[in-house]
Amino acid sequence: MYAEEEARLFTPDDPVVARRLEDGSNVVLSLAAEGGVQAASTVWAGLAFDAGGNAIGAGGFLVSTDGGASFSTRPVPLDDPADTTVAYGADTLPAVPITQAAGSPPRDLAIEPQADTVWTAGGRSGLRRWTAQDSAWTRAVLPPDTSTRIEPTTPTDFLVAPPLDDGRGFQNHRALSVLVDETGTVWAGTAAGLNRSTPGDVGPSGDRAWRLFRPDGTPNSLTGQLVLGLAEQPRPDGRNPVWIATLRADGGSVLQRSGLTVTPDGGETFRQPLVGEQVNDVAARRARVYAATENGLFVSETQGRTWRTVEEVALAEPEQAFPGELTARAVEVTPAALWVGTTAGLLRLDRADEPRLLPDAPDAPRPKWQLFRTEVPVNPDEPTEQVPDVETYAYPNPFVPSRDDAVRIVYDVPEPQTVKVSIYDFGMNRVRTLEEQEPAGQQEIVWDGTDASGLRLPTGTYLYTVEVGGTTVRGKILLSN
């Protein structure tokens, strides 16, 4: 949910934010806000960091109760090694404590204002709940993969754990997304499907009953098993629909397909308005739905019955260029703008321009987007606290060759010259050399993830150097196949 006010784009200028982000190890992976007046609104930001290899780690949370004027911190919601059981109703269930931040980033956040509660979907650490009363995180118990419903009043016995190397654990205990809708119903997307708990499912002890929805190959079910994103659509009449972005699981059954599902009635029925597209995220206004996909931004003004695609964007700043077709990884709406996270940066479109995304005529002028990138000098002449001395950067990073096609290495060129970029594996063996004759200014060079002979390189951390202007600057790229 969001307040009817202009959204604020938070930067590391705030002292508390700066202290948590100053070494560049943390990024803001998820956000949630609640409150009608900015001075009294609550903002939670979930932090994550590169944990090496393919893992992303949990970095804790930044919390503001004054609309972002100041922030405090909350710890990473992990377990003590002695937390080998979890209470659920009258039962004591065996549990595997999640003690490592790697693999447990805050992938999504949701605020339940009526109960002063915050929910986070933390990957391997599962679904967790924070309450102001306890000022602590507790582990929510979701059904095992072998059940479609659990109730705290019904005796049960299963292991609470994500999938483990020894074969134990459940995909439904790996949480990917979370939403609290207008009725107070909690929706939790996992690697096994969609979980629902209504206000009437809360028992006297505070434990919740849960219903697990899974794809069954029929139109009245989820498209895919991995629930990556959830969005509530405000509607003038009746219950707000909940939109569900899903992905077909690797090795999943023929009953699964990637796409978009919607439930208009709180889970009584489901509809599949977009099938066959890899939908990474979803957002909705009263009259418009946005789906961020690998093939562009899909837009519907007919509740998903018809779609049009935004595959290319025009930028407001003439000196900027958007490389290639649009690959959308995230999408969000605020009262003043539409935001789209892409492999080339963050795009913003004023709300007044959104109807022009679907022009009546093919030759109608397209709206202009603002593009935000990490544009800071490679070696600023006069470094300041507001402009960090960033030597070079690469995007997208992590880089997934099968999804991103190429990674772009950005650097500054003081005067026209030949620039040499060398890429090394973690053992400092040079695997690729790239050279370009560059004009002065900020430039970039493209790498496709292959070595000098054209062979695809394995997953891992790669270092690169840029020889420019008589100096050498360095950076790091996480390659994930």
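The values are calculated or read from the model by the stated rules, or taken from the named source; none is laboratory data. Quantities reported herein were computed from a predicted structural model and do not represent experimental measurements. So basically every Cβ, Gly included, is an ideal-geometry build from the backbone, and we count neighbours across all protein chains shown.
For every residue, the table says whether it meets (1) on the phi > 0 side of the Ramachandran plot; (2) free of Cβ contacts under 8 Å to residues at least 12 places away in the same chain; (3) hydroxyl-bearing (S, T, Y).
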| position | (1), (2), (3) |
| --- | --- |
| A136 | no, yes, no |
| T148 | no, no, yes |
| L159 | no, no, no |
| P162 | no, no, no |
| Q171 | no, no, no |
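Considering region 174-233, the residues that are among the hydroxyl-bearing types (S, T, Y), in a loop (DSSP other than H, G, I, E, B) and free of Cβ contacts under 8 Å to residues at least 60 places away in the same chain include one that is nearest to R149 (Cα to Cα), namely S221.
A single entry from G224, G276 fulfils the requirement of being under 22 Å from the mean Cα position of the chain (by Cα), more than 21 Å from T198 (Cβ to Cβ) and either surrounded by 22 or more Cβ atoms within 10 Å (Cβ to Cβ) or not assigned by TED's automatic domain parsing to the domain that holds L194 (or both): G224. Screening the candidates R351, R329 for the property of being touching a strand residue (DSSP E or B) at 6+ places or on another chain (Cβ under 9 Å), more than 26 Å from F399 (Cα to Cα) and charged (D, E, K, R) yields one hit, R351. Scan region 247-271 for residues that are touching a Pro at 6+ places or on another chain (Cβ under 9 Å) and under 22 Å from I111 (Cα atoms) and jot them down. Once the filter is applied, which keeps residues that are touching a Pro at 6+ places or on another chain (Cβ under 9 Å) and under 22 Å from I111 (Cα atoms), region 247-271 yields V262, T263, P264, D265.
Within region 397-429, the set of residues being small (G, A, S) and either assigned by TED's automatic domain parsing to the domain that holds E325 or under 27 Å from the mean Cα position of the chain (by Cα) (or both) comprises S402, A406.
The single residue among A314, A284 that is more than 28 Å from Q442 (Cα to Cα), touching a strand residue (DSSP E or B) at 6+ places or on another chain (Cβ under 9 Å) and in the same structural domain as D363 (by TED's automatic domain parsing) turns out to be A284.
The residues of region 98-143 that are under 12 Å from A188 (Cβ atoms), in a loop (DSSP other than H, G, I, E, B) and not aliphatic (A, V, I, L, M), listed by number, are R107, G122, G126, P143. Of all residues in region 410-442, those satisfying the criterion of being within 30 Å of G296 (Cα to Cα) and touching an Asp or Glu at 6+ places or on another chain (Cβ under 6 Å) are V410, Q442. A Cβ distance below 6 Å, combined with a sequence gap of six or more or placement on separate chains, defines the contacts here; from region 302-321, residues that are in contact (Cβ under 8 Å) with a residue 12 or more places away in the chain and of a type in the set (K, R) reach residues that are surrounded by 13 or more Cβ atoms within 10 Å (Cβ to Cβ) and part of a loop (DSSP other than H, G, I, E, B) in the pairs R308/L358.
Take the residues in region 162-200 that are under 22 Å from the mean Cα position of the chain (by Cα) and basic (K, R), then tell me which one is farthest from A231 (Cα to Cα). Looking at residues that are under 22 Å from the mean Cα position of the chain (by Cα) and basic (K, R), I get R174.
Restricting the search to region 440-458, which residues are surrounded by fewer than 16 Cβ atoms within 10 Å (Cβ to Cβ) and either touching a strand residue (DSSP E or B) at 6+ places or on another chain (Cβ under 7 Å) or acidic (D, E) (or both)?
Residues of region 440-458 that are surrounded by fewer than 16 Cβ atoms within 10 Å (Cβ to Cβ), as a first pass: 440-442, 446, 448, 450-456, 458.
Correct list: A440, G441, Q442, V446, D448, T450, D451, A452, R456.
Checked against the criterion of being under 30 Å from T392 (Cβ atoms), in contact with a Leu (Cβ under 7 Å, 6 or more places away or on another chain), at pLDDT 75 or above and surrounded by fewer than 18 Cβ atoms within 10 Å (Cβ to Cβ), region 20-40 contains one or more residues that satisfy it.
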